[in-house]
Amino acid sequence: MNLDYLFRHPERVLDLTGEHLILSALAMFFAVLLAIPLGAAAARWRRLTLPILGLLGAIYTVPSLAFLAFMIPTLGIGRTPALIALAAYAQIFLVRNLVAGLRGVDAATLEAARGQGMTGWQVFRDVRWPLALPVAIAGVRTAFVSTIGLASVAAWINAGGLGTLLFEGITRDDPSRILTGAVAITALALLADALLRLAERNTAIARARRAA
Amino acid sequence: MTPGGLPALPPRRIAEAPAPGGSDETDGRCSIETESRGGASAIAFEHVSKVFSGAARPAVDDVSLTVAPGEFVVLLGPSGCGKTTLLKLVNRLYEPTSGRIAIDGRPIADQPAPQLRRRIGYVIQQAGLFPHYRVWENVATVPRLLGWDKRRIATRVDDLLELVGLPPAEYRMRYPMQLSGGEQQRVGLARALAADPTMVLMDEPFGALDAITRTRLQDEVRRIHRQLRQTTLFVTHDIEEAVRLADRIVVMRTGRVVQYDTPLAIVLDPADAFVADLVGADDVLRRLSLIPAATAMRPLGPGGPRPDTPTVTMRSDLRADLSQLLADDVPALTVVDDDGRPVGTLDLAAIQAVSTPNAELADDVAAGTARPTR
């Protein structure tokens, strides 16, 4: 077991890493876009909370290969079904944290905001959202790391990325490819984790807590 | 004039509901401009009730009362009496089930709630500061909502921090979490006053503070009110706090107003057993602690003050005066005004005369023959 493959084909590894990153990042982008309204709704209307979180939790339990296979008859193979699957899996992390963050804001703070004359939208934009942000970003961080791992499977439906090396390694009995792919995926995940931790630390409320 | 420079306000019982249309006199055709005019607002509650869905009885039950411009009115009562609900009806955090509230003659229901609230300062118990904003940003909340320019906001923030006793250079850039409870509440007060509101609502603002800090902040609030004269509604369950701050006190019980009068009149002549119990009227020492020397003192004799008698101020409470009388073992004390001039004399008989509930004395006070202070 060694990293020979990495040293022999650095350009290909780099290309696949780029593909992997773009696939994961795009999936996260769409996932966050969907999770914000879902999370806001689930946080606001208690009747929606359990159904939404329950559904997203159920989606997460579907085996990834099965999920991709289900989509082949309608969406075929390639990048689109992979993005859909990855965005769907990420929802539970994103929405759960967003709900926790938005709900966790102190009621007195919100009442003070309304009492000073902020409109409903201003209360959300200037108080509730920034105070929920660290918890929400923590959700993005967990989801992103998970998505980067999960994206390897997308190679199975020709969506590219570092999973390609893993499948090649298995079919050609080439452990060096498997190790190279695994190392690159881990590196990406660690990088994403570090970047988002930095973002968490740079929210206004995190800066205020550090100052205290 | 009372020593604090406040115009003496006639005590008014709730039975004397405002004459129909009475509050409309202040309804200037241009009342919209109160926003920039500063000054103080009049407020009128007319048969206001609030029933929360699912509640067995109204939280606020047919309340009618008026508050004069610049008046400091304390809403007093045990928890669940409806005082906080009544307060939150004023800035429309709650909407009344029936009845009408008007500020300067203008029904508040006709005004968009956010715009209304920007003209009404609001202070709540735990200060409710925005933890992710620095002190200056917290104070700047309403001016920013009103779209003031940056320079005007910066000047205003510093002025307000000065006003509430927080040196701007030291406090401007801090976060709420870096402040003590008392400092946070000072910032809360500055935030409420930022856009020159004509009215301030305070909901048990000092309830969570220790006794020393609370007393200090009460003094600050009184000083600031004398200076700025905003109409103020202040909720508390603490009778001492009410007496210390109020021009008039609204005593509430199960959603109704039981008595609306000056602190002194309430202490001297409680409307019923509930109010008597609330102010501790049966406890002579407690009662004396709520009455200022000015109420009980006798006029100076023709010979002027007796020499060598200890002096107390008109504002000192009778409990303290009694202690001094006993400790110094003298027949009488000389009462002096704020400038130290002798104005009266206080002996045991004079103190005894006010030590039990006494409607005649209360009437004398109301008529101005006995002089209340606050």
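Being touching a residue at least 24 places away in the same chain (Cβ under 8 Å) and within 14 Å of another protein chain (Cβ to nearest Cβ) narrows it down to one of B:ARG119, B:ARG100, so name that one. Give the derivation first.
Working: B:ARG100 fails: within 14 Å of another protein chain (Cβ to nearest Cβ).
So the residue among B:ARG119, B:ARG100 that is touching a residue at least 24 places away in the same chain (Cβ under 8 Å) and within 14 Å of another protein chain (Cβ to nearest Cβ) is B:ARG119.
Return only the number of the condition from (1) outside the structural domain of B:HIS47 (by TED's automatic domain parsing); (2) out of contact with any Asp or Glu (no Cβ under 6 Å at 6 or more places or on another chain); (3) surrounded by fewer than 20 Cβ atoms within 10 Å (Cβ to Cβ) that B:TYR133 does not satisfy.
(3)
Please note which helices (runs of 4 or more DSSP H) are completely contained in the stretch B:142-205 and include at least 1 residues that are within 27 Å of B:LEU86 (Cα to Cα) and of a type in the set (Val, Ile, Thr). Show your work before the answer.
On the way: elements: B:150-163, B:168-171, B:181-193.
In the stretch B:142-205, B:181-193 are the helices (runs of 4 or more DSSP H) which contain 1 or more residues that are within 27 Å of B:LEU86 (Cα to Cα) and of a type in the set (Val, Ile, Thr).
Tell me which of these B:PRO114 doesn't satisfy, since it passes every other one: (1) more than 8 Å from chain A (Cβ to nearest Cβ); (2) in contact with a Gly (Cβ under 9 Å, 6 or more places away or on another chain).
(1)
If you take just the helices (runs of 4 or more DSSP H) that sit entirely in the stretch A:63-156, which of them hold at least 3 residues that are hydrophobic (A, V, I, L, M, F, W, C) and within 27 Å of A:HIS20 (Cβ to Cβ)? Step through it out loud before you land on a result.
Numbers: elements: A:64-75, A:79-103, A:107-115, A:120-123, A:129-150.
Qualifying helices (runs of 4 or more DSSP H): A:64-75, A:79-103, A:129-150.
Has the stretch A:35-44 got any residue that is within 12 Å of the chain's Cα centre (by Cα) and away from chain B (no Cβ under 14 Å)?
Step one: filter the stretch A:35-44 for residues within 12 Å of the chain's Cα centre (by Cα), giving A:35.
Subset that is away from chain B (no Cβ under 14 Å): A:35.
Checking the stretch A:35-44: at least one residue is within 12 Å of the chain's Cα centre (by Cα) and away from chain B (no Cβ under 14 Å).
Looking only at the stretch B:194-221, filter to residues that are within 12 Å of another protein chain (Cβ to nearest Cβ), modelled with pLDDT of 90 or more and over 15 Å from the mean Cα position of the chain (by Cα); which one of those is surrounded by the fewest Cβ atoms within 10 Å (Cβ to Cβ)?
Among those that are within 12 Å of another protein chain (Cβ to nearest Cβ), modelled with pLDDT of 90 or more and over 15 Å from the mean Cα position of the chain (by Cα), it is B:ALA195.
Need pairs with beta-carbon distance below 7 Å; first residue of a type in the set (S, T, N, Q) and within the stretch B:314-326, second surrounded by fewer than 19 Cβ atoms within 10 Å (Cβ to Cβ); sequence gap 6+ or separate chains.
B:GLN324/B:PRO310
Considering only residues that are crowded, with 19+ Cβ neighbours inside 10 Å and acidic (Asp, Glu), which ones fall in the stretch B:318-356?
Hit for the stretch B:318-356 is B:ASP321, nothing else.
Answer yes or no: is there a residue in the stretch B:126-146 that is of a type in the set (Asp, Glu) and at the interface with chain A (Cβ under 10 Å from one of its Cβ atoms).
Taking the stretch B:126-146 as the starting set, the residues that turn out to be of a type in the set (Asp, Glu) are B:137.
Right, trim to at the interface with chain A (Cβ under 10 Å from one of its Cβ atoms) and you get B:137.
Looking through the stretch B:126-146, at least one residue is of a type in the set (Asp, Glu) and at the interface with chain A (Cβ under 10 Å from one of its Cβ atoms).
Determine which member of the set A:ILE84, A:ILE77, A:ILE157, A:ILE72 is under 15 Å from the mean Cα position of the chain (by Cα), β-branched (Val, Ile, Thr) and either within 28 Å of A:ARG197 (Cα to Cα) or more than 14 Å from chain B (Cβ to nearest Cβ) (or both).
Numbers: A:ILE77 fails: under 15 Å from the mean Cα position of the chain (by Cα); A:ILE157 fails: under 15 Å from the mean Cα position of the chain (by Cα); A:ILE72 fails: under 15 Å from the mean Cα position of the chain (by Cα).
After ruling out the rest, the residue left standing is A:ILE84.
Return the residue satisfying two criteria in turn: it lies in the stretch A:53-62 and is free of Cβ contacts under 8 Å to residues at least 24 places away in the same chain and assigned to a helix (DSSP H, G or I), and of such residues it is surrounded by the fewest Cβ atoms within 10 Å (Cβ to Cβ).
In the first step, residues of the stretch A:53-62 are kept if they are free of Cβ contacts under 8 Å to residues at least 24 places away in the same chain; the result is A:54-55, A:58, A:61-62.
Filter again for assigned to a helix (DSSP H, G or I), leaving A:54-55, A:58, A:61.
Values: A:GLY54: 11, A:LEU55: 14, A:ALA58: 10, A:THR61: 7.
Step by step, filter the stretch A:53-62, then rank; the result is A:THR61.
With the condition kept exactly as written, say whether any residue in the stretch B:182-193 is in contact with a helix residue (DSSP H, G or I) (Cβ under 7 Å, 6 or more places away or on another chain) and at the interface with chain A (Cβ under 10 Å from one of its Cβ atoms).
Among the residues of the stretch B:182-193, at least one is in contact with a helix residue (DSSP H, G or I) (Cβ under 7 Å, 6 or more places away or on another chain) and at the interface with chain A (Cβ under 10 Å from one of its Cβ atoms), which makes the answer yes.
The values are calculated or read from the model by the stated rules, or taken from the named source; none is laboratory data. What you are looking at is a predicted structure, and each value in this text was computed from that prediction instead of being measured. Note that we place each Cβ from the backbone using ideal geometry, even for glycine, and neighbour counts take in every protein chain shown.
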